[in-house]
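Worksheet for the structure shown next.
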Ligand SMILES: Cc1cc2nc3c(=O)[nH]c(=O)nc-3n(C[C@H](O)[C@H](O)[C@H](O)COP(=O)(O)OP(=O)(O)OC[C@H]3O[C@@H](n4cnc5c(N)ncnc54)[C@H](O)[C@@H]3O)c2cc1C
């Protein structure tokens, strides 16, 4: 069987790697000249455990896929930093909500406990002393997203797969027994095509998709002594799109603040203005007694399924289609790839 995969983001590469392990022939087409052009190269690198609303498919996929990264990192040689998450609070009301949340989460299978101020500050000593405690959630991790992409692409090539860079697929065409991808002046035909084009999916297959929106997330890298992910139990932002943001220690020792999300019209927007940096740092400033040294900033744009708060995965004839793979799509990608491969190999 021959599968063509459009997009060398985390989804396309996970599908390619798994397909090759099952003896399937794959070619990955990537419009950019190198890896990391899309959301998979510009994200916060968190291996999520908790994802509101907790029980939908997207949340369940991420929770189940998260531990798979340990084996994958051994196999491919990228770094995973395991650390807990503290959902912190600064008021008695927060403490009450925290106790309730911890209890409810525990009864639904999450490893949670209530942590004292000393425990939270022990893990993240530079936090403000206004923090009076937190809900500890175990099982989190962080990765360097581009390191994961490079390792996967290397794994794909070592198993005999082909990744074609600077190859933008412009059209998909059915002939009697194959599905052909057209790029530049020529076309190549496969038994199935997996569209894992992230924010580019709507250009290729717009009529089959739900409404897709685009959200740019700004992330600021700072110097901070912290060995746990810290997120406010009650977000200071009014936007629902900021869910998931926090103080995030990465495997390379830097700490990320954010992401803070805003709607955008440009699906590949990675620009960052000084105002966006200040706005993002500001979201967390009440948790920090002084402004940490800023080491740099990045932004990434994710495509979101506006019809339901879930990933869009579907099969149309010989085309297996993903769109709106927003957070926690990086975490969930090993299991999303399993679903896509199952669809690709079923009749
Ligand atoms: C700021 C931010 C922070 C995030 N943080 C996290 C997090 O901490 N944890 C988590 O689990 N998830 C996170 N996410 C979500 C996660 O990054 C995405 O869900 C995931 O990366 C989506 O992967 P993808 O492969 O679908 O898309 P992409 O990574 O965008 O890959 C699509 C690829 O397809 C290529 N392409 C598009 N059109 C074509 C075409 N016509 N021909 C050829 N190639 C094409 C693109 O160039 C791109 O490389 C975050 C997202 C953002 C934006």
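Using only Cα atoms, find the angle between the long axis of helix 10-21 and the longest principal axis of the chain, and express it within 0 to 90 degrees, rounded to the nearest 10.
60
Relative to the present Cα-Cα distance, how much length would full extension add between residue 75 and residue 164 at 0.36 nm per residue of separation?
Gain on extension, residue 75 to residue 164, equals 29.7 nm.
Per residue of the chain, what 222 nm ellipticity follows from adding -39500 (n - 2.57) for every DSSP H run with n ≥ 4, rounded to the nearest 500?
On the way: 9 runs with 100 residues, N = 347.
Counting only the DSSP helices, I get -9000 deg cm²/dmol.
State, to one decimal in nm², a quarter of the convex hull surface area for the C-alpha atoms of the range 159-314, i.e. the direction-averaged projected area.
Working: hull surface 51.6 nm².
If I average the Cα hull's projected area over directions, I get 12.9 nm².
Going by the alpha-carbon gyration tensor, a ≥ b ≥ c the square roots of its eigenvalues, is the range 1-101 rounded (a/c under 1.5) or, if a/c is not under 1.5, prolate (a/b greater than b/c) versus oblate?
prolate
Quote to one decimal, in nm, the extra length available between residue 211 and residue 265 on full extension: 0.36 nm per residue of separation minus the C-alpha distance between them. Present the calculation step by step, with values, prior to reporting the outcome.
Working: separation 54, 0.36 × 54 = 19.44 nm, distance 1.33 nm.
This chain segment gains 18.1 nm when fully extended.
Among DSSP beta bridges lying fully in the chain, give the percent that are antiparallel, nearest 5.
75
Could you compute how fast the chain diffuses translationally, taking Rh as the Kirkwood radius over C-alpha pairs and applying Stokes-Einstein at 4 °C with viscosity 1.567 mPa s? Give it in µm² per second.
Roughly 62 µm²/s, to the nearest whole number.
Take the Cβ-Cβ distance between residue 116 and residue 254 as r, set R0 to 30 Å, and report the resulting FRET efficiency rounded to the nearest 0.05. Each step should come with its number before you reach the end.
On the way: r = 27 Å, r/R0 = 0.91.
With R0 = 30 Å, the Cβ-Cβ based efficiency is 0.65.
Normalised by the residues of the range 2-58, what does the relative contact order come to in percent, with Cα pairs under 8 Å and at least six apart? Show your work: numbers first, answer last.
On the way: 48 pairs, mean separation 19.8, N = 57.
Once normalised by length, the contact order is 35 percent.
With the Cα gyration tensor of the range 96-244 giving a ≥ b ≥ c as the square roots of its eigenvalues, does the rule (a/c under 1.5 for rounded; else a/b larger than b/c for prolate; else oblate) give rounded, prolate or oblate?
prolate
Between helix 329-345 and the chain, what is the angle of the helix's C-alpha long axis to the longest principal axis, kept within 0 to 90° and rounded to the nearest 10?
Once rounded, the angle reads 30 degrees.
Which angle between 0 and 90 degrees, to the nearest 10, do you get for helix 92-107 versus the longest principal axis of the chain when only C-alpha atoms count?
The two axes meet at around 50 degrees.
State whether the range 23-178 is rounded, prolate or oblate according to the following rule on the C-alpha gyration tensor (a ≥ b ≥ c being the square roots of its eigenvalues): a/c under 1.5 gives rounded; otherwise a/b larger than b/c gives prolate, and the remaining case gives oblate.
prolate
What is the Cα convex hull volume of the range 2-60 when expressed per residue in Å³? All intermediate terms of the calculation are to be shown ahead of the outcome.
Details: hull volume 6.7 nm³, N = 59.
In the range 2-60, the Cα hull volume divided by residue count equals 114 Å³.
Expressed as a rounded percentage, what relative contact order does the chain have, with Cα pairs under 8 Å and six or more residues apart?
Computed over the chain, the figure is 25 percent.
Distance between the C-alpha centers of the range 249-299 and the range 136-165? Whole Å please.
So the two Cα centres are separated by 24 Å.
So how far, in whole Å, is the C-alpha centre of the range 169-224 from the one of the range 49-123?
32
How high is the relative contact order of the range 283-347, in percent, counting Cα pairs under 8 Å that sit 6 or more residues apart?
Over the range 283-347, the number comes to 25 percent.
Values quoted throughout were computed directly from the atomic coordinates according to the rules given, and no laboratory measurement underlies them. Note that the structure is a prediction, hence the values are computed from the model and not measured. As a convention, Cβ positions derive from the backbone with ideal geometry for all residues, glycine included, and neighbour counts pool all protein chains shown.
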